[in-house]
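Let me begin by presenting the structure, written as structure tokens, before commenting on it.
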Amino acid sequence: MELNDLETLVRSRRSIRRWQDKPVPVELLTRAIDLATWAPNGGNKQNWIFYVIVNGNTIRSIAEEVQNSTNLMASWPEAAQFVKDVARWRERAGFFRSAPAAIAVAASQYVSEADRILSAREKTDLQASQMRLWRNTANTKIQSAASAIAYLLLALHQMGLGAVWMTGPMQAKGKLEKILGVPSEMDLIAFVPVGYPDENPVVRPRRPVNEVCQIIT
């Protein structure tokens, strides 16, 4: 692949939230996941699981749990100050119920030697406690799963499929993990509805490189 081809792939990917009523071959989804497993990950532990969901009832059950949790938040007095946003959340919370397929991504914690040292020392050493806090802001589990999801989205896009990376459903994490049978040592990280696109979202501009990049000399 030439760099221009990669640039076209990256720049043309969009988050898709409407799909054709057309099944997605499982073989395409598993092939995309195979490519995703080549993403960089902490200690090369590859401590992830991808749940491929092609059962419409399961997807609708997940959407219902997400909708219920959104409705619950909207009912709290604290939500009154965000009336417009809350109304939008409630309207869109379960939009993915019509997705022909979905991929849920779970991962287990990667504990390095450095983590073990800091964990053993942080209760009696303020510097160790601070170092532990700093490391936790860049959680290896999340970074590993996120890199795989980025690869996954590009692979799906190249296949002509459209997907959207969702973390909002994590507000119903416990219920979703029960539906999917996620083992207790794993955490659900993200939910990715997939299908053949039934929309062509407009290009949203990106900040210019000179605003987000600093050259350290």
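The values are calculated or read from the model by the stated rules, or taken from the named source; none is laboratory data. Every value quoted in this text rests on a predicted model; they were computed, and no experiment measured them. Reconstructed Cβ throughout: ideal geometry from the backbone, glycine too, with neighbour counts over all protein chains shown.
The set of residues in segment 143-177 that are among the β-branched types (Val, Ile, Thr), over 17 Å from residue 196 (Cβ atoms) and at pLDDT 95 or above contains only 149.
Would you be able to say whether some residue in segment 69-79 is closer than 30 Å to residue 159 by Cβ, surrounded by 12 or more Cβ atoms within 10 Å (Cβ to Cβ) and touching a residue at least 60 places away in the same chain (Cβ under 8 Å)? Taking every residue of segment 69-79 in turn, none turns out to be closer than 30 Å to residue 159 by Cβ, surrounded by 12 or more Cβ atoms within 10 Å (Cβ to Cβ) and touching a residue at least 60 places away in the same chain (Cβ under 8 Å). Take the residues in segment 1-34 that are acidic (Asp, Glu) and not in a helix (DSSP H, G or I); name whichever of them is modelled with the lowest pLDDT. So the residue we want is 2.
Of all the criteria given as (1) surrounded by 14 or more Cβ atoms within 10 Å (Cβ to Cβ); (2) within 23 Å of residue 157 (Cβ to Cβ), the one not satisfied by residue 58 is (2).
Listed here are the residues, each with its yes/no results for (1) loosely packed, with under 14 Cβ neighbours inside 10 Å; (2) touching a Ser or Thr at 6+ places or on another chain (Cβ under 8 Å); (3) not small (Gly, Ala, Ser).
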residue: 10; (1), (2), (3): yes, no, yes
residue: 16; (1), (2), (3): no, no, yes
residue: 28; (1), (2), (3): no, no, yes
residue: 31; (1), (2), (3): no, no, yes
residue: 34; (1), (2), (3): yes, no, yes
residue: 42; (1), (2), (3): no, yes, no
residue: 49; (1), (2), (3): no, no, yes
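Restricting attention to segment 91-146, the residues that are touching an Asp or Glu at 6+ places or on another chain (Cβ under 9 Å), charged (D, E, K, R) and not in a helix (DSSP H, G or I) add up to 0.
Sub-9 Å Cβ pairs linking a first residue in segment 2-17 that is touching a residue at least 40 places away in the same chain (Cβ under 8 Å) and closer than 26 Å to residue 100 by Cβ to a second residue that is surrounded by 12 or more Cβ atoms within 10 Å (Cβ to Cβ) and basic (Lys, Arg), at least 6 apart or interchain, are 17/92, ordered by first then second residue. Look at segment 174-195: where a residue is touching a residue at least 60 places away in the same chain (Cβ under 8 Å) and a partner is of a type in the set (S, T, N, Q) and part of a strand (DSSP E or B), sitting 6+ places away or on another chain with Cβ atoms under 6 Å, you get 185/108; 186/108.
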